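A short worksheet on the structure shown next.
The values are calculated or read from the model by the stated rules, or taken from the named source; none is laboratory data. Not measured: the values here are computed from a predicted model. Methodologically, a virtual Cβ is constructed for each residue, glycine included, from the backbone with ideal geometry; neighbour enumeration extends over all protein chains shown.
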Amino acid sequence: MISTNCKIFLASKSPRRRKLLKQIGLKFTSFSVDLHEEILDGEHPVQTVERLAQHKSDAAIKKIKKGIVITADTIVVLKHEVIGKPKDEKDAFNILSKLSGKTHLVYTGYVIRNLYNGKKITGYEKTKVTFRDLTRSEIKEYIRTGSPMDKAGAYGIQDDFGAVFVKKIDGCYYNVVGLPLQKLYHSLLNIL
């Protein structure tokens, strides 16, 4: 367990990230930062998630003067194509149809800044996820729940129904949910 008198802030509107930090017993305050998450052509996925997490961190520290600030960004990559959150239900259907029966990669980049001592740690995790073949009706039924609309790759591995799309994973499960907990925990210990 992490024990500190430092105030900890999670700059994310993701309920999944909040739940993960609570899972490891972290006491924190959360708030969101709004910025355009631009995907650059030809940029390696690791650079993308680290750059986006850094942009979020830069925006977050304008709101926080003292404390430890955590930011993160997650993307899904299928055959060099970066897949973010769906724009609408049609886009969600197309994304899930593309992922059906294939293996994709989930990357999460994070930045932790200790504004008390000036330390900063940047990291990332990559997890391989394989979907089983999905039927059109399953995809449509899942989209009707509204669950895919705020998630990279249009699915949540932790969802009641999204979970049954996943045939297997290779790597950190929590990374697919939204934060690589083991790496993040270790980074937090090193930044105090």
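Restricting the search to the range 1-47, which residues are hydroxyl-bearing (Ser, Thr, Tyr) and surrounded by 12 or more Cβ atoms within 10 Å (Cβ to Cβ)? Passing the criteria: Thr4, Ser12, Ser14, Ser30, Ser32.
If you go through the range 48-60 and keep only what is under 10 Å from Val33 (Cβ atoms) and either surrounded by fewer than 20 Cβ atoms within 10 Å (Cβ to Cβ) or of a type outside the set (Ser, Thr, Tyr) (or both), you end up with His55, Lys56, Asp58, Ala59, Ala60.
Just one of the numbered conditions (1) out of contact with any Pro (no Cβ under 9 Å at 6 or more places or on another chain); (2) within 14 Å of Ala154 (Cα to Cα); (3) in a loop (DSSP other than H, G, I, E, B) is not true of Pro86: (1).
Considering only residues in the range 139-163 that are surrounded by fewer than 19 Cβ atoms within 10 Å (Cβ to Cβ) and touching a residue at least 24 places away in the same chain (Cβ under 8 Å), the one that is nearest to Lys19 (Cα to Cα) turns out to be Gln158. Here the strands (runs of 3 or more DSSP E) wholly within the range 1-83 that include at least 2 residues being of a type in the set (Ser, Thr, Tyr) are 29-31, 68-78. Given the condition surrounded by 13 or more Cβ atoms within 10 Å (Cβ to Cβ), modelled with pLDDT of 95 or more and acidic (Asp, Glu), answer yes or no: does some residue in the range 81-88 qualify? Checked the range 81-88: no residue is surrounded by 13 or more Cβ atoms within 10 Å (Cβ to Cβ), modelled with pLDDT of 95 or more and acidic (Asp, Glu). When Cys172 is tested against (1) in contact (Cβ under 8 Å) with a residue 60 or more places away in the chain; (2) crowded, with 17+ Cβ neighbours inside 10 Å, only condition (1) is not met.
Restricted to strands (runs of 3 or more DSSP E) entirely inside the range 92-192, those with at least 1 residues that are closer than 24 Å to Ile64 by Cα are 103-114, 120-131. Of the candidates Ile61, Ile68, Ile75, the single residue that is farther than 30 Å from Ile95 by Cα and touching a residue at least 60 places away in the same chain (Cβ under 8 Å) is Ile68.
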